[in-house]
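All remarks here apply to the structure that follows.
The values are calculated or read from the model by the stated rules, or taken from the named source; none is laboratory data. In this text the structure is predicted, and so the values were computed from the model without any measurement. All Cβ positions, glycine included, derive from the backbone under ideal geometry; neighbour counts span all protein chains shown. Accessible surface areas use protein heavy atoms only, side chains included; no ligands, DNA or RNA. Shrake-Rupley method; radii C 1.70, N 1.55, O 1.52, S 1.80 Å.
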Amino acid sequence: MAVGVEVVTSSASAGVALRGAPPARTPHELASLLRAAGMPEAGLRSTAMWLVSGRRESPHTRAAYVRDLSWWVSWCAAQRCVPAAATTAAADLYIAVLKESGLARATIGRRIAAVSSWYTYLLREQCAAINPFEGAERPRLDAHASRTRGLSREQVAAVLGHAADHESARTYALLWLMFATAGRISSILDARIEQLGQDRGHQVLDLAVKGGRVKRFAIPPAALAAVQCYLEERGDPREGLLFVSRTGRRLTQSYAWKLVNRVARAAGVPHAISPHSFRHSAITIALGDGRPLHVVQDFAGHADPRTTRRYDRARDSLDRSPAYELAASVTPERDGDAPLRR
């Protein structure tokens, strides 16, 4: 990057945090940010409509768009730039600052996509002159890479076994559903008791998934038994959230992150994981067992089979790595000990 550009981006990012806690988490907080940035009332009304339309019907999707848009609005306010009148130069500078901040490429791409979608809607409502992000260069993503660390079949069994012996019925049921459904943690934490049922002899659970859709998941007997034991402890409620805190509130994703890491460490897993690790593991184990790609794609809820293939490639790259044989071929024998082999 040229020195002149470095100076511009550094000054543009001075005093503006583009990572950490988002400037807004709710539509109300976003509206306050927009007002502070000089957004006209017509733009505020259009933003409210944008948030409840299209792919943003799901509460979690809507919240994600609020967070991603709030970063741009906050940055505009710091630059004394009214968002409705932002230029392509301002958008390009914002993207450069995002890259300078060290954010992951996927995060940068998602933030740009959210803001561009917002401007497209504002244009339709005649609340913005242009979409400054139209045609902007977005970070190229590696379709083969994933930061998620999965668990082996043995590690999943160890985590579930530890939870069965040492954790609460709620924790055991939650971990079972995370693995058995390969569901996203947001969907599982939103699950409701009345969404449990039967379909042609299968025990099922209907979960809200990406795009505001509802997907029906088969619940295997072991997972169902864990859920039923947990509900029995709660007095067999017939409706309401499936997983709640002691005070009856919805569990948070941050709680789930801390929970899975604590239980995994206690079960002997040596690396940090996330709730998504259970989804990742379920998909890769199913593929490793030889289940057809289209079956696993449906199980995972992937709209594009290429997404499922990414899990398959990631699994193969480790399982078929020549590193084990290469290392074994050069490892010296010491004092009569055989070289370590896979």
Taking residue 149, is it in a loop (DSSP other than H, G, I, E, B) and touching a residue at least 60 places away in the same chain (Cβ under 8 Å)? yes
If we ask which residues in the range 230-271 are in contact (Cβ under 8 Å) with a residue 60 or more places away in the chain, under 30 Å from residue 56 (Cα atoms) and either touching a Phe, Trp or Tyr at 6+ places or on another chain (Cβ under 7 Å) or not in a loop (DSSP other than H, G, I, E, B) (or both), their number turns out to be 6
Could you please let me know if residue 114 is in a helix (DSSP H, G or I), out of contact with any Pro (no Cβ under 9 Å at 6 or more places or on another chain) and open to solvent by less than 30 Å² (accessible area, probe 1.4 Å)? yes
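Here's the yes/no breakdown for (1) hydroxyl-bearing (Ser, Thr, Tyr); (2) modelled with pLDDT under 90; (3) touching a Phe, Trp or Tyr at 6+ places or on another chain (Cβ under 8 Å):
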residue	(1), (2), (3)
120	yes, no, no
131	no, no, yes
140	no, yes, no
157	no, no, no
192	no, no, no
211	no, yes, no
215	no, yes, no
Could you figure out which of (1) under 14 Å from residue 93 (Cβ atoms); (2) modelled with pLDDT of 55 or more; (3) of a type outside the set (Val, Ile, Thr); (4) open to solvent by 70 Å² or more (accessible area, probe 1.4 Å) isn't true of residue 1? (2)
From 209, 227, 214, grab the single residue that is under 25 Å from residue 58 (Cβ atoms), free of Cβ contacts under 8 Å to residues at least 60 places away in the same chain, among the aliphatic types (A, V, I, L, M) and surrounded by 15 or more Cβ atoms within 10 Å (Cβ to Cβ). 227
Kindly indicate the residue of the range 54-80 that is open to solvent by less than 30 Å² (accessible area, probe 1.4 Å) and more than 11 Å from residue 27 (Cα to Cα) and also farthest from the chain's Cα centre (by Cα) among those meeting that condition. 76
